[in-house]
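To keep things clear, I will list the structure first and then write my remarks on it.
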Amino acid sequence: MKKISVVVPCYNEEESIPLFYQEVNKITEKMKEKCDFEFVFVNDGSKDKTLEELRNLAKKDKRVRYLSFSRNFGKEAAMYAGLENATGDYITTMDADLQDPPSLLIEMFDTLETKEYDCCATKSTNRKGYSFLRKIFTKWFYKIIGHISKTEMIPGARDFRLMTRQMVDAILSMKEYNRYSKGLFSFVGFETKWIDFEIEDRKAGKSKFNFWKLFSYAIEGIVAFSTAPLVLAALVGVIFCIISFCLIIFIIVRTIVWGDPVSGWPSMVCIMFMIGGIQLFSTGIIGEYLAKTYLETKKRPIYIVKETEKDKK
Ligand code: UDP
Ligand code: MG
């Protein structure tokens, strides 16, 4: 019989975990004729009682495993750790807040069993429960990255997906430190079937992503999957060279024809400020890529585990 690993990153989810376990359990009951299950919870340095909840679950249910990080490493690191430690034939990543309906697992499993697909992924048709600003920025992010990245990013794509072992191994083979999973999932290729669903409000607890965290995550996505900003910096440089060349010709001709009255200091200062700004902006873009390269070369571990269910046996 096939085994499904359910990977769940958890950060301060003490209220959600019991609800999540209960809901997913209903589905595992329904599917028990077809496949086995394993839960891999990853406690991403929670400050509440998440770890205790996980210890209790692991005591109660042999299928429950957990990894607990030494501090908060972020959702990307938690997903990576979960995938790396999952032992199933099929592996799914799910948020702990039940925004992803576990009932879809049945359809996802059946899809993979046809052998036509390597992955069954979900995307939400709405963005219920998210702020106005977040909706607008998300829309723009997908527009921009759609144009500047060769890797396809599907608007509304969730991290909730069921993948074959082969696909997960491909994802794990990418050991990069700055991880942007939505891009990595797409980068590895494989046949993916998309299921649409209407997203629900979070069942308990609060969202862990505020505006700035999401904004820097978006920048991370762009830097990880496109070098277009570097080209942009160079392009602006070339355009300014052309403009200044034309202006030089214009000024020489004007001086020869009309003489050289001293004027135009205010405009000169404005232009200097603008060019200074553009130079700093371009240096900033290059700096962003350099910083990522710097972090990659350090080869720091993506996560550090402090405790697993085996330590408590
Ligand atoms: N999460 C995590 N580490 C973090 C932030 C979030 O493991 O640093 C987990 C969180 O516990 C949840 C999932 O990532 O299971 C998605 O988080 P959330 O629901 O807050 O994000 P949103 O739905 O607002 O995008
Ligand atoms: Mg959520």
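The values are calculated or read from the model by the stated rules, or taken from the named source; none is laboratory data. Please read all numbers here as calculations on a predicted model, not as lab measurements. A quick note on method: Cβ atoms are made from the backbone with ideal geometry, for glycine too, and the neighbour counts reach across all protein chains shown. Just the protein is used for accessible areas: all its heavy atoms, side chains included, with ligands, DNA and RNA removed. Shrake-Rupley method; radii C 1.70, N 1.55, O 1.52, S 1.80 Å.
Brief remarks follow.
- Per-residue ³J(HN,Hα) for the range 187-200, Karplus 6.51 cos²θ - 1.76 cosθ + 1.60, θ = phi - 60°, Hz, x for Gly and Pro: 4, 6, x, 6, 6, 10, 9, 9, 10, 8, 8, 8, 6, 9
- Rg(Cα) / (2.2 N^0.38 Å) computed for the range 164-313, rounded to two decimals: 1.74
- Solvent-accessible area, 1.4 Å probe, carbon plus sulfur percent, for the chain: 63 percent
- Translational D in µm²/s for the range 12-158 (Stokes-Einstein at 37 °C, 0.692 mPa s, Kirkwood Rh from C-alpha pairs): 190 µm²/s
- When the Gaussian network model of the chain links Cα atoms closer than 10 Å, the mean-square fluctuations of GLN99, GLN279, GLN166 top out at GLN279.
- Along its first, second and third principal axes, ordered by size, the range 245-313 spans 92, 20, 13 Å in Cα coordinates.
- Across the chain, Cα pairs under 8 Å and at least six residues apart give a relative contact order of 22 percent.
- Aspartates and glutamates whose Cα lies under 12 Å from that of LYS60, excluding same-chain neighbours fewer than 8 positions away: GLU309
- Residue list for the range 226-250, given a label point 7 angstrom along the Cα-to-Cβ vector of ILE278 and an amide N cut-off under 15 Å: 231-248
- Of ASP97, ASP48, ASP159, the one that fluctuates the most in a GNM where the chain has Cα springs shorter than 10 Å: ASP48
- Choice from TRP140, TRP265, TRP212 showing the highest fluctuation, given a GNM over the chain with Cα pairs closer than 10 Å: TRP265
- The chain - convex hull of alpha carbons, volume per residue in Å³: 162 Å³
- Rolling a 1.4 Å probe across the protein heavy atoms gives the range 1-103 an accessible surface of 39 Å² per residue.
- For TYR177, solvent-accessible area (1.4 Å; no DNA, RNA or ligand), Å²: 70 Å²
- Surface per residue (accessible, 1.4 Å probe) for the range 118-193, Å²: 50 Å²
- Amide H contacts of LYS3 (H built 1.01 Å from N, in plane; Pro and chain starts excluded): ASP36, ASP89, TYR90 sit under 5 Å, all sequence-distant by 5 or more or on other chains.
- Under a 5 Å amide H cut-off, with hydrogens placed 1.01 Å from N, GLN99 pairs with LYS203 among residues at least 5 apart or on other chains.
- For THR297, the accessible surface of its heavy atoms amounts to roughly 100 Å² (probe 1.4 Å, protein chains only, rounded to the nearest 10).
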